[in-house]
Amino acid sequence: MENCYEILGLKPGATLSEIRRAYREKVKIYHPDVSGDQATAEHFKRIVRAYEILTDQKSRAIFDSSFAAHFRRREVRSWDYREWLLAREDDESRAKLIFFDLTHGREDDAVKEFKRMRMERSKFSLKHWFTRENFMDYSFILSEELHLRGEYFDAFFLLEQIIKMEYSYEYFRLFFPEVLSFAKNILRNHIEGTISDELALDTYERALELNFGDAEDAFVLRKMGIIYKRIGDGRTADICFEEADRIGIAGGSQKQR
């Protein structure tokens, strides 16, 4: 197995911008049309292949997995992947650090870093840097860790993304009811009173888009009505209560049939 990172002169975990920059520099040196040396053609093909693997999310994930087993044993004493990630502040490195810690017995560090990035960078997202499947798997584990530490809003935030992905493309399949049950449990038992009214309303409104069913939607609408009434918006509160009653009645009629 060839080391794609080594071919491009990079360390494992390099960011996409670093990969592209390294590739451009190699092309300037080894492209046969530039160097005028046809003997470099084979090496240039290796450079192109390495670039194609590392810039495709799925191919890179497969390579990284194999790389860890095949190459990293030889580098463990001379190079620390986690320390390298810790020294970097770009979003890709921080996202990889979170999931690295999550899967290497450093769950507290993973949760702490996720919370920090969410607070400091409003557009920070984990899903941009991983394959769809890895994001869904690791995010569910992270949501469990957040839940254990009472970080219910952030746990639901991750579950919401997983649920929407599952609706567009089945991945969890038979396991998906557990994901839904987990999200519903947070909605019913851990939102009200644990975060601000503004965040609670935002969470409940997003929950209405997740197709949880009439019973859950009616519950959420009643919770929203209570909050709107508490903050002095009686008109909106009445609308929420009326809609909750309508859904509840409709759901009861369907059950009777």
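The values are calculated or read from the model by the stated rules, or taken from the named source; none is laboratory data. None of these values were measured; they are calculated from a predicted model. All Cβ positions, even for glycine, are placed from backbone atoms using ideal geometry, and neighbour counts span all protein chains on display. What goes into the accessible areas is simple: the full protein's heavy atoms, side chains included, and nothing from ligands, DNA or RNA. Shrake-Rupley method; radii C 1.70, N 1.55, O 1.52, S 1.80 Å.
What the table shows:
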item: Residue count, the range 58-69 (criterion: surrounded by 16 or more Cβ atoms within 10 Å (Cβ to Cβ) and modelled with pLDDT of 80 or more); result: 3
item: Scan of the range 162-177 for residues that are surrounded by fewer than 17 Cβ atoms within 10 Å (Cβ to Cβ) and either under 16 Å from I141 (Cβ atoms) or touching a residue at least 60 places away in the same chain (Cβ under 8 Å) (or both), ordered by number; result: Y171, F175, F176
item: Selected residue (only one of E92, E18 is in a helix (DSSP H, G or I) and at pLDDT 90 or above); result: E92
item: Yes/no for F114 being at pLDDT 90 or above and either in a loop (DSSP other than H, G, I, E, B) or under 21 Å from I163 (Cα atoms) (or both); result: yes
item: Residue among E133, E160, E145 that is of a type in the set (D, E, K, R) and more than 12 Å from the chain's Cα centre (by Cα); result: E145
item: The listed residue being open to solvent by 60 Å² or more (accessible area, probe 1.4 Å), at pLDDT 95 or above and of a type outside the set (S, T, N, Q), out of R206, R235; result: R235
item: Cβ-Cβ under 6 Å pairs, at least 6 apart or on other chains, the range 40-58 side without any contact (Cβ under 8 Å) to a residue 40 or more places away in the chain, far side open to solvent by 30 Å² or more (accessible area, probe 1.4 Å) and in a helix (DSSP H, G or I); result: T40/Y30; H43/Y30; F44/Y30
